[in-house]
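Below: one structure, written as C-alpha cells.
The values are calculated or read from the model by the stated rules, or taken from the named source; none is laboratory data. All figures in this text were calculated on a predicted structure; none of them were measured in a lab. Quick reminder, even Gly has a Cβ in these numbers, built from the backbone with ideal geometry, and neighbours come from all protein chains shown. Protein only, heavy atoms only, side chains kept; ligands, DNA and RNA dropped before computing areas. Shrake-Rupley method; radii C 1.70, N 1.55, O 1.52, S 1.80 Å.
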Amino acid sequence: LGKLSKLASNESLSLFPDFQARVAVLKRLSYVDAGTETVTLKGKVACEVATCDEILLSEMVLENVLEPLEPEEVAALLSALIFQERKEDAEPSIPSARLKEACETLRALARRLGQVQRECGLPTDAESFLAECLNFGYVRVVSRSNPWPCLPVCWLAEMTPFRGIHVRP
C-alpha cells in the first residue's frame, strides 16, 4: 500500500519539479497570489494571450511600454513577439528613437523574465529566453505607416517572398 501511495503521489511525476518551478515564477511575478494560490488580475490578463509568450506580453502591457508609441509603432513592437523567421545576421535597424527605446525596454523585460525563471529553477537564462521570445526582424517593415506592395516589403524585411509570412488587406 505504501508503494502504491508513493507511485500515485505528485513527487513521483517526472514533470513535477518543472511544474513547481513554473508556479514559483508565477508567484514571484504576482500572477498567482502566494498566500491563497489563486490567480491574480495579472494572471487573468496572461491567460487571455494565446499567440506569444504570455508573461512577456502581459508585463509589456501592464508596465505601459506601449503608451508613448504611435499605432504603427505599437504594431511594429508587437511584431517582435510573433515574427518567427530567424536570421543569423545583425539586428535590423529600427527607424525611430521612440520605437528603439521601446524595443530596448522589451529586451530588458525579456532578460528580467529569463533571469527570474533561472532563479526559480527552470533551465533557461536571460539571453536564451530573449532569443526564444523576441525577433525584431520585422519591426522596420511594420513601422512603415504607408501601405507598400508585397515585394518591396519582402526586400525591406530581407526575406523570401511567397512564404505566407505577410498578410495584406
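What number of residues within the range 64-83 are over 14 Å from the mean Cα position of the chain (by Cα) and under 12 Å from residue 105 (Cβ atoms)?
Residues meeting the conditions: 5.
Could you grab me the full set of residues in the range 62-74 that are open to solvent by 70 Å² or more (accessible area, probe 1.4 Å) and hydrophobic (A, V, I, L, M, F, W, C)?
62
Which of the residues belonging to the range 34-49 are assigned to a loop (DSSP other than H, G, I, E, B), farther than 20 Å from residue 115 by Cβ and open to solvent by 60 Å² or more (accessible area, probe 1.4 Å)?
Hits for the range 34-49 are 35, 36, 37, 38, 48.
Could you go through the range 23-31 and let me know if any residue there is among the hydrophobic types (A, V, I, L, M, F, W, C), out of contact with any Cys (no Cβ under 8 Å at 6 or more places or on another chain), at pLDDT 90 or above and in a loop (DSSP other than H, G, I, E, B).
Yes, the conditions are met somewhere in the range 23-31.
Sort through 78, 57 and tell me the only one that's modelled with pLDDT of 90 or more and closer than 14 Å to residue 137 by Cα.
After applying the criteria, what remains is 78.
Among the residues of the range 101-114, write down those that are touching a residue at least 12 places away in the same chain (Cβ under 8 Å) and open to solvent by 50 Å² or more (accessible area, probe 1.4 Å).
Answer for the range 101-114, where residues must be touching a residue at least 12 places away in the same chain (Cβ under 8 Å) and open to solvent by 50 Å² or more (accessible area, probe 1.4 Å): 105, 111, 112.
If you check 116, 65, which single one turns out to be closer than 17 Å to residue 30 by Cβ and among the aliphatic types (A, V, I, L, M)?
Testing whether each residue is closer than 17 Å to residue 30 by Cβ and among the aliphatic types (A, V, I, L, M) leaves just 116.
Can you name the number of the only condition in (1) over 21 Å from residue 132 (Cβ atoms); (2) surrounded by fewer than 16 Cβ atoms within 10 Å (Cβ to Cβ) that residue 27 fails?
Here residue 27 clears every test but (2).
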